[in-house]
């Protein structure tokens, strides 16, 4: 899919990519727990949080942040810069 997006862009075009990631070993569990805590503070019940987690378990396979950057470069993007990170989510801008 990233390759298709790259091919569809004009030279100099930008692709904004926001993805859930796996944090470094030792911090991933903490970041997930902080994320769930934030969801609870925003009114989500534990049941809803776990329901969402189960629905994504075999669908979403997060990668390490640097693997996402590698994937963007392999697709052909010449510049890749992380513009946002919050816990176990990152956003990049990739330029063709």
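The values are calculated or read from the model by the stated rules, or taken from the named source; none is laboratory data. Nothing here was measured: the structure is a model prediction, and the numbers come from that model. Methodologically, a virtual Cβ is constructed for each residue, glycine included, from the backbone with ideal geometry; neighbour enumeration extends over all protein chains shown.
A few points about this structure:
- Test: residue in segment 17-39 that is touching a residue at least 60 places away in the same chain (Cβ under 8 Å) and closer than 13 Å to residue 95 by Cβ: yes
- Yes/no for residue 16 being modelled with pLDDT of 90 or more and part of a helix (DSSP H, G or I): no
- Qualifying residue in segment 59-71 (condition: over 20 Å from residue 84 (Cα atoms), over 16 Å from the mean Cα position of the chain (by Cα) and without any contact (Cβ under 8 Å) to a residue 40 or more places away in the chain): no
- All of (1) surrounded by 11 or more Cβ atoms within 10 Å (Cβ to Cβ); (2) under 18 Å from residue 84 (Cβ atoms) hold for residue 51 with one exception: (2).
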